[in-house]
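A short write-up of the structure that comes next.
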Amino acid sequence: MTRTRHLIGLLLVLALVGSACGSDADDAGTTAATQESTAPTAAEPSEIVVGCSDGVPSWDGFIAFENDCGAVGIPLLFDVVAFPTSDLSDSEGIAAASITPSDDFSVLTVSLRPEMTFHNGDPVTSADLKFTLDRIANSEAWSYTLGGFAPDLITQVDIVDDLTVAITPPSPNSEIESLGLAHFAVGIYPKDFGGMSEEDFWTNPYGSGPYQLVSWTPSDEATLEKFDGYHTPAWQNFDQITLKGIPDDNARILGLESGELDLGLRLPTNASAIVGSDDVELLVGDPSAVSELIFVANTPPFDDVEFRRAVWYALNREDLLAGAWDGVGNLPSAVIPSALPGATSGSIAPVYDLDLAREHLAKSAYPDGTEFELLVVDGDSPRQTAAQIIQSNLAELEINVTITALAFAEFFDRFTTGGHQAVLWGYEAVVAPPSDIIGYYFATAGFFGNWDTTEAFDHFVTIQTTGELATKQAAIAAYETMMAEGVFAIPLAERFWVAGHRAELSNVVMNPTGFIWINRATR
Amino acid sequence: MVEGRMSKPLLIVEDLRVEINRHGSIVTPVDEVSFELQQGEILGLVGESGSGKTLTLKALMGLLPPGVVQVGGSISSRSGDVLQPLDPEKARGRIMAMIFQEPATALNPLRRVRDLIAEPFIVGHGVARNEARAKAVALMRAVGIPDPEQRSRAYPHQLSGGLRQRVMIAMALATESTLLLCDEPTTALDVTIQDQILGLLVELKRERDLTLVLVTHDLAVVSELCDRVAVMYAGRIVETGATADVFANPGHPYTAALLAAVPRFEPGGGDLTTIGGSPPDLRNVPSGCRFRTRCQYAFEECATAGHRLTHVADERQTACIHPAWIERGVAI
Amino acid sequence: MARYGFIAKRVAGIVPLLLGVIFAVFALQHVTPGDPARLILGARASEEAVEELRSELRFDDPVVTQFVRYAGNVFQGDLGRSLRASKPVTSIIADRLPVTLWLLGAGVVLSLLISIPLGTLAAMRQAGWADHAIRGVSLLGLTLPPFWVGIMLLLFLALPTGWFPITGFGDTFSEHLRSITLPALTLAISLAPIQIRSLRSAMIEVVESDAVTTARSLGIKGWRLVSRHVIPNAVLPMITLLAVEVGYMLFGAVVVEATFSLPGLGSEMITAVAGRDFAVVQGITLVFAVMVVAIHLLADIALAFIDPRVEMA
Ligand SMILES: Nc1ncnc2c1ncn2[C@@H]1O[C@H](COP(=O)(O)OP(=O)(O)O)[C@@H](O)[C@H]1O
Ligand SMILES: [Mg+2]
């Protein structure tokens, strides 16, 4: 029947296509002719087309920080101060020639490369950098981007000379990532938006990045071309880059296969089973997202450690992974997904054991079972399915779970103000860490703060103030020890990112959060 | 004159049989219907509603509705001096046309009257459109539509019922057919209009030398206009003959009952003023004579008698086997 | 004469309806639970930012004042500004409306190209083999979700043949035509089944109608019978059906645009909703509502011109 339908469809479209192809042949003819006559000797311009799940909605990182085309496009248009290396272990200066902490870590001095210019020819100076950093320091929305509950990231920015600024963090900190200086969205804008109104600037933005904007339809397609005055031509591997929003996951795969796309971001995790062409190479990251059952540890029934342990053993994570996440992902191994720095891989090994669960329940205050309410975001379909599986898992222990699906705003409200027993939520690294790692801790710290667990809140403060990776890892390890005792959130499943590129496109590196910095790719 | 008519049958219908398959059970609303139509006559076809008059006409036209099929019988028509089987597909709109009962629904609502009437000229006779329209206006005048020029541009819904029926008649005339099958042409109209339309039909018949079959409930009309009459009951013709003869001396108890229901035509007896009972359900017709269950003269043989129209006189036929009624039919 | 008067009257008649539509779109942000400013900025925004937006957008004025201001702006062609793209909503709509109109236009044309022959065939071969086959296939078309149909078309038509692009709308007319073919076909596959059914039953009804029997009794047959007596009468309910289907079509367009990455109003609607770009959501809702009203108006006018029974008084 399907075949018949296709055949009928085919016949009907043939008439339309006939005319289309006819006129197209003419177009092709003229294009070829033009190319021959105008550029007979020039090398073929190198262009790539990138397919993202969503087109660039805005060039303002404050708005586009959750958007994959934005994450790729913004650092092309605006030169970022620094950027994380692809293994996330360190950051390197991009617009910054040097970043030097003072001896007591109370001030950070950033020097820009000399002789940088914006796309309109104006020089890039320390005044522009101060303008950019002040905008971060003063933005509430941005503080969420870097963690939601973060206090000020930057207390003060002072101009030292034409190319140098001194940054004062709220407390001694030498880690530029935690100050937001190595974030894709912290690209340098011209001071006072080049004299334009903010609205006009974001309608027609320019920066000092390796590419300048040629055309842009919001949330659909943007075309950028090489900026000739860029300081490091080696990072400009293409003459033109097109960013296309292609919301359908399968369409992005098909676009790669047909050659319409050179690079496809955020492919479905089962892409390897779908891709049928040798011309497409897949990049599969390590797990960088985790979904968790998060509960309030000072409210019944979760205030009872034995009850929490019973739940821990009663959840069948394999069922959850298969049922809610289509089997794509891993059983959880850590609260911080294994790909991210600080994760102590394998520190958690969830066990499904109903007998053990019954034993713990018998020792708890609820030997005959009890009930609780589980909040989930309406429309978050994997987690809504997960909630149902949890409901049936716990029914085995006579624990009745009432699932309440709420609109995001209401969910978030109840989640952060403590008016709940348990929620299904999780963490997805959607932008380049390490700022997200910090964001994660800020966020969780916020939740734990609301849960009245002072240890966790201290924990958060510690991470922020020391700012050294080793210390941070030690803190995380301590935190996971608490986790293993079944105190906080119960991880359910881990996920990872998949991207794909045409074989001709080489040097494509994806970091574990799925971030691809196009400047490293070559044809 | 009788001889002349006898020698010139325009149409001969023999053993016409129409079936409807209703959810697996087969009913026969027209059964063993035979009659002859003489050139230039008006044949009245009467019978209670549901007796199969419309289906008989539609079968002749080859216009039986879906699910209703002609399963037997032959229809022949005379062309010159030879009789040949009638092909309704070819005969429609050439030698025969039909006038329907409901002028309100019989006309295509989306076309102007002049185009409706012009169409048979164009289709059947290859007349050019403008000429056909002119002829349409002339025909409208001929069928007595006042102000034909102006009305020709009207749409059917803008006309009264009487005018619509005149348009229908004009359309039938435009085919230049000589045989008109009129299925209760006035039933849906006001009483005052009915006479005008019937008058028009008779006048047209005379002027154009038409042959008419006139289906009607109104026995007064039959007696006034029709040369001959055929009486149908439950799908069968039970009596035919010259109208005057039949009405004066019905040769079938059903005819007598019909006439008795109309005060003016009360036959001698007088004890038959209404027809008792109702027509039989077609799914369950009585054996033998179908009228016998309502007939006060019925006797044993009626239940087994086959249906056969018997000549009781030159032009008189009756299906009744009761000697008394055969006698009455003969007694002219 | 009467016709122009009729059209003017019908157009005038929708003005109150349009006001109602504007009011409904305006009310959208007031009936949605919660503070509209909070709704726009999201749960994560600070109280100060929300306060600032409240006073900037003057949400504290009386509702009537706000509505009059909103309606006034709408009539002056000002639908507000996209908070994300920092562009006037009208310019976003102007960019994207043509794509949606292409999709709807081509979709309707293709659906009629499918449904008219198939509906006619099914009616002519009533209860026959072809009728059953058409009924089965159209039931299938009705149950298959459009995004799935779209992906299958891409997979089995676009990818192997290379005739159609997988994504986007292109720049030239011929590129548009090629880009729109499969999306329009997807839309048509979801629209055609209902049309086929409606046309089939309308055809059967008309074929068995007294008017057609009359035409046949006059010796009219073949193509002339079909084209002059059957189709015009059977097409009348189709016009109404198309008008009724328009809401369903817009819904389909949203799905189809997302599947084929067409930069139309539907895909913008999805991203605007996800990004809480309220002015854009309102603007597109308004355009969709006006399209529905306009299509019904056009259908009314078309019916009045085709069917003389409709009083043009
Ligand atoms: N299209 C049809 N389908 C089924 N039955 C029909 C149809 N037309 C007529 N009949 C039945 O056939 C019988 C004869 O109908 P008809 O010829 O219209 O009677 P009359 O014209 O004498 O009133 C009636 O019982 C009627 O119900
Ligand atoms: Mg009748």
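So, by mean Cβ neighbours within 10 angstrom, what's the order for A:360-367, C:202-209, B:73-80 with the highest one leading? Numbers along the way, then the final one.
Values: A:360-367: 17.1, C:202-209: 18.9, B:73-80: 14.9.
Taking the mean over residues of other Cβ atoms within 10 Å, the ranking is C:202-209, A:360-367, B:73-80.
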**Q.** Inter-site label distance for B:R129 and A:S506 at 7 Å from Cα along Cβ, in nm
**A.** 7.3 nm
Q.
Using the crude model of +1 on Lys and Arg Cβ and -1 on Asp and Glu Cβ, and no other charge, please compute the dipole size for the range B:104-176 relative to its Cα centre, in debye to 20.
A. 160 debye
Q: Mind telling me which of C:F75, C:F288, C:F251 comes out most flexible in a GNM of chain C, alpha-carbon contacts under 10 Å?
A: C:F75
Q) How much of the calculated P(r) for the range B:104-176 lies past 17 Å, in percent of all Cα pairs? A) 31 percent
Q) Can you list the residues, at least 5 places off or on another chain, whose amide H is less than 5 Å from the amide H of A:Q156, using H built in the peptide plane? A) A:T168
**Q.** B:R328, C:R135, reordered so the largest accessible area comes first (probe 1.4 Å)
**A.** C:R135, B:R328
**Q.** Exposure of A:H119 as accessible area (Å², to 10), given a probe of 1.4 Å and all protein chains
**A.** 30 Å²
Q. In whole Hz, what ³J(HN,Hα) sequence does the range A:378-391 give by Karplus (6.51, -1.76, 1.60; θ = phi - 60°), x for Gly and Pro?
A. 5, x, 7, 5, x, 6, 5, 5, 4, 4, 5, 5, 4, 4
Q.
Amide H of B:T211 versus every other amide H placed in the peptide plane: which residues, excluding those fewer than 5 positions away on the same chain, fall under 5 Å?
A. B:G40, B:L179, B:L180
Q: Pop the C-beta distance of A:Q240 and C:V68 into the FRET formula with R0 = 60 Å and round what comes out to the nearest 0.05.
A: 0.80
Q) Counting Lys and Arg as +1 and Asp and Glu as -1, what is the net charge of the other residues whose Cβ lies under 15 Å from the Cβ of C:T285? A) 0
Q) Relative to the Cα centre, what is the charge dipole magnitude of chain C, using +1 at the beta carbon of each Lys and Arg, -1 at the beta carbon of each Asp and Glu, and rounding to the nearest 20 debye? A) 1080 debye
Q. With a sphere of radius 14 Å drawn around the Cβ of A:G229, what net charge do the other residues whose Cβ falls strictly inside it have (Lys, Arg +1; Asp, Glu -1)?
A. -3
**Q.** Exposure of A:W497 as accessible area (Å², to 10), given a probe of 1.4 Å and all protein chains
**A.** 40 Å²
Q.
Please list 3J(HN,Hα) in residue order for the range C:194-208, calculated via the Karplus relation 6.51 cos²θ - 1.76 cosθ + 1.60 where θ = phi - 60°; whole Hz, with x for glycine and proline.
A. 5, 4, 4, 4, 5, 5, 4, 5, 5, 4, 4, 4, 5, 4, 8
Q: Write down, largest first, the equivalent ellipsoid semi-axes of the range C:124-198 in whole Å, where each equals the square root of 5 times an eigenvalue of the alpha-carbon gyration tensor.
A: 29, 13, 11
Q.
For A:D200, what accessible surface area do you get with a 1.4 Å probe? Give it in Å², rounded to 10.
A. 80 Å²
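Do you know the relative contact order of the range C:96-303, to the nearest whole percent, from alpha carbon pairs under 8 angstrom that are 6+ apart?
On the way: 231 pairs, mean separation 57.9, N = 208.
That works out to 28 percent.
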Q. What ranking of A:R317, B:R141 comes out by heavy-atom accessible area, probe 1.4 Å, highest first?
A. B:R141, A:R317
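Rounded to the nearest 0.05, what FRET efficiency do B:Q196 and C:A24 give with R0 = 45 Å and r taken as the Cβ-Cβ distance? Could you check? Provide the component values of the computation, followed by the final result.
Working: r = 58 Å, r/R0 = 1.29.
About 0.20, to the nearest 0.05.
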**Q.** Inter-chain shielding of C:47-55 (mean C-beta neighbours from other protein chains, 10 Å cut-off)
**A.** 1
Q | At R0 = 45 Å, FRET efficiency that the Cβ-Cβ distance of B:V69 and B:R141 yields, to 0.05 | A | 0.65
Q: List the residues whose amide H sits under 5 Å from the amide H of B:L45, counting only those 5 or more places along or on another chain, with H placed 1.01 Å from N in the peptide plane.
A: B:L214, B:V215, B:T216, B:A230
Q. Evaluated at 37 °C with a viscosity of 0.692 mPa s, what Stokes-Einstein diffusion coefficient in µm²/s does the range C:96-303 have when Rh comes from the Kirkwood expression over alpha-carbon pairs?
A. 178 µm²/s
(Q) From Cα pairs below 8 angstrom and at least 6 apart in sequence, can you work out the relative contact order of the range B:51-171, rounded to a whole percent? (A) 24 percent
(Q) If you take the accessible area of C alone plus A alone and subtract the pair, what total do you get in square angstrom, rounded to 100, with a 1.4 Å probe? (A) 4200 Å²
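For the range C:47-138, with all protein chains present and a 1.4 Å probe, just round the carbon and sulfur fraction of the accessible area to a whole percent.
Working: 3020 of 4690 Å².
Of all accessible area on the range C:47-138, carbon and sulfur atoms account for 64 percent.
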Q: Note down the relative contact order for chain B as a percent, whole number, built from C-alpha pairs under 8 angstrom at least six residues apart.
A: 18 percent
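The values are calculated or read from the model by the stated rules, or taken from the named source; none is laboratory data. Everything quoted here is computed from the prediction, not taken from an experiment. All Cβ positions, glycine included, derive from the backbone under ideal geometry; neighbour counts span all protein chains shown. For accessibility, only protein heavy atoms count, side chains too; no ligands or nucleic acids. Shrake-Rupley method; radii C 1.70, N 1.55, O 1.52, S 1.80 Å.
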